[in-house]
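Notes follow once the structure below has been shown.
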Amino acid sequence: MPSMHFNGLSQAEAARRLRDVGPNELPQTSGRGLIEIIAETMREPMFLLLLGAAMLYMVLGDLGEGLFLFGGALASIGLVIFQEARSERALAALRELSQPHARVIRDGQDIQIPARELVPEDLLLVGEGERIPADGVLIGGSVLSVDESTLTGESAPVSKRIAAEDVMTEDARPGAVSSPYVFSGTLSVAGQGIIRVTRTGPHSALGQISASLAQIGQEATPLQQAAGRLVTLLGVLALVFCGIIALAYGLLRDDWVAGALAGVTVAIALIPEEFPMVLAVFMALGAWRLASHRVLVRRSAVIEALGGATVLCVDKTGTLTENQMRVARIWTGAEDIIVRDGALEHGPARDALEVAALASATRPVDPMDRAICAIAPDAERVMQMERAWPLRPEMMAVVQVWRSEGEERVAAAKGAPEAIFQLCRLPPEEMTRLGAALHDFANEGLRVLGIASRRQVGALPDKPEDVRFEFRGLIGFLDPLRADATAAIQEARSAGLKVIMITGDHPATALAIARSAGIEVTAGVVLGAEIARQSPTELGATLRHARVFARIAPEQKLMIVEALKANDEIVAMTGDGVNDAPALEAAHIGIAMGKRGTDVAREAADLVLSDDSFASIVGGVRLGRRIFTNLRRALTYITAIHVPIAGLALAPILFGMPPLLFPMHVVLLELAIDPICALVFEGEPSERAAMQKPPRPRKEALFGPHQLAKSFTQGLGVLIGVFGLYAVLLQQATEPVARGGAFIALVLANLVLALADAMANDGRVLAPHRRVFWSIAGALLLLLASVFAVPPLASIFRVAAPDLSLVLVSVMVALVSGAWLRAGEAVLARIRSTSAANKSDQAPNRPLA
């Protein structure tokens, strides 16, 4: 590289510019620190309500009870904080940040400096395989071939020519072929050059895209919104019950202190302290399950939102495809070969591939060169390279001359088909015939190179244009579809997800990849130029039918996501390049690729696929649906079991009976409720038909009126059964015995109710995954037996052991009151199934045509 002709900046001038302009670093989205995570968690209304109730109980009543509740609140908060902090640490590790370096000319010398110290007007030296750390203009060296896929989504490299004037114009954009402008974050895959730096850090093209993320606010997920509404509702309900009990005690028994304590006890029983704990555990275990499949969760609540996604926006390059070229087709006129695994047989196609290998770099970085060398014979072993003509704007082809042991020389050329046609000096009729073949390649979405060669004894002319080349054929390259992409997209479509491909690539390539992947293409391709002419309303109408978008600029990806959101869709966006980052941030669920993705994209995303597997996205949808369903069942159970707890604390007071429940009774029940919610419901597997159902409606609540009515109905059944048993036993036995019999019925009804809600779609009581439930049930029954068998415990709980007949009655009451609704639903389902089968059998048989 002729660096001796350039002096570059002086060290003193570079230092001054660095102070004035600032370091060559991108705007960074700092991760959330521990203090920020704690502050976010403590602002949750449910946590504040639970902590307030615990402190109030410590002031008014039993210190142990208050400390127990306070410890439970802290444990729940700690679980959320631990999970969020762990996700932040994992994301930081995934970035693999290392300080890059750059080679520059300063004071006439070639030196290496940290890339962050680059300043405008520096002379940057770039060689093959090096990352370009700043925007600039190519002013010397050879023509560069640059991979700009992180900015444009195009997997094929573009060529850069030496500039006539080393000034970057305002309209310079990535992706332009034969322009002199290079951009930060792109990769030089061939050639070498001298670049005059024009823009660094946030002023570069990469920095401007990164800066646009700051303008997009983070939205709460549907789960967070629904949980907030639910917590507020039940918190208000708990305060109302607290007031009613305190008022009832004061008016009926003239004991306002006891009334206040009883009211607080019932309020604590009603306050669903399990809700935040259950939400945190479900999200944490969901994140753990995804992490075991190499999917990093940055914001755990987004897992549920993924299960409710209605649209999946897919970036082609590196998401559906491998971002690696492979030879797919070779056309020679005499042969038209579809290339599959394995070496080619001897023939014209193999000969053309050998020529293409001779025109490729010996240690290739360019994806096309690598694809050729991967399947081509090692022809250059018996020859030595003599000279090479690199890609130039006036001749978009690479020519390399090889010399054998004798005087024979082989000139191999590959490049744009039009350039190869000119080198071969083909007649018009031959070019017309080849044009038809090119059109056929384009319809398949293939990137095409022409191949030519010249063999002769003796030296070749100094200019490749003076060599009479022989046309050898066309080679088509395909950016291969990921092996699991087609099946994953098919599963997504069967689950009712609209799969939209958004890419900066050529329309023909986009269509070909979409067809191969199974994306709907009946509406054709929508180009970025069309989107630019559409209003938001028109774009929204287009998005109701179109599924393939090509030649899309980064800001248009953001427009598409916003238009989908305006259409009331829940949008999941996948991508790996910087061009995806604004859309990743704006989408409800942003999913970045971990291996090929940029730091900016990973920071913007909610989920990061560390193995870049597209199938993991569909797995996340499946898991999200499972989490939503199981979380809804858990919340139904929590609400249902709190109805009899609160009712049994209130009803004896209203009817002038001795109290049934005391604080220790509630604590023992909570010992069962918490692990049942956290382990049993979370561990329930997905429904068999979970991915054959359409996404739930966007406005469907996690816990709406239907679930609330079911909860109260179930809870009311347990309340009536246990309270009725308590009232009868008070007439036939002592108060401790009556309380003991009723408490046995309440504990067992709790277990029956939990099992009934958990196995809503699976009637196997002894299924292997329910071992956790039976373990919890066994531990609770052992503890319950200890309460009656150990006199000090019986005294604390104010119970006495009933005889065997009363125990059997308590068991029957528990079974009936806890399972009656589930049993009724099962009977109705069987009746409907039988009725449908009978109608099918009675349908008249039609004669065969």
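Note on the range 438-481: with charges restricted to the Cβ of Lys and Arg (+1) and Asp and Glu (-1), its dipole about the Cα centre is near 200 debye. For the pair GLN109 and VAL816 in one chain, pulling the backbone fully straight at 0.36 nm per residue adds 245.6 nm over the alpha carbon distance. Stretched out straight at 0.36 nm per residue, the stretch from HIS101 to ASN567 would grow longer than its current Cα-Cα span by 163.2 nm. The simple spin-label model puts a point 7 Å past each Cα toward its Cβ; for HIS769 and ARG493 those points are separated by 2.8 nm.
In a DSSP loop and with at most 15 other Cβ atoms within 10 Å, the trypsin sites (Lys or Arg not before Pro) in the range 444-531 are ARG468. Note on ASP484 and ARG830: the model spin-label points, each 7 Å out from Cα along the C-beta direction, lie 4.1 nm apart. In the structure shown, the pairs LYS498/LYS693; LYS498/LYS565; LYS316/LYS498; LYS160/LYS316 are assessed against 18 Å; a Cα-Cα span above that value is assigned to LYS160/LYS316. Computed over the range 397-556, the Cα gyration tensor eigenvalues convert (square root of 5λ each) into semi-axes of 44, 18, 13 Å, ordered from largest to smallest.
Gain on full extension, evaluated as 0.36 nm per residue between LEU793 and HIS346 minus their Cα-Cα distance, stands at 151.9 nm.
In this simple spin-label approximation, LEU808 and HIS293 carry label points 7 Å from Cα along the Cα→Cβ vector, and these lie 5.0 nm apart.
For the range 409-484, the average shadow cast by the Cα convex hull is 6.2 nm², which is a quarter of the hull's surface.
Largest first, the residues HIS203, HIS545 sort by 1.4 Å accessible area into HIS545, HIS203.
To the nearest 0.05, how large is the calculated FRET efficiency for GLN534 and ILE338 if R₀ is 35 Å and r is the Cβ-Cβ distance? Between GLN534 and ILE338 the formula returns 0.35. Here the convex hull built on the C-alpha positions of the range 739-823 has a volume of 91 cubic angstrom per residue.
Treat every Asp and Glu Cβ in the range 633-773 as -1 and every Lys and Arg Cβ as +1, leave all other atoms uncharged, and give the resulting dipole magnitude about the Cα centre to the nearest 20 debye.
Working: 11 positive and 9 negative charges, 96 e Å.
Rounded to the nearest 20 debye, it is 460 debye.
The values are calculated or read from the model by the stated rules, or taken from the named source; none is laboratory data. Since the structure is predicted, the reported quantities are computational estimates derived from the model, not experimental observations. As a convention, Cβ positions derive from the backbone with ideal geometry for all residues, glycine included, and neighbour counts pool all protein chains shown. For the accessible areas, the whole protein counts, side chains as well, though only heavy atoms, and no ligand, DNA or RNA atoms are used. Shrake-Rupley method; radii C 1.70, N 1.55, O 1.52, S 1.80 Å.
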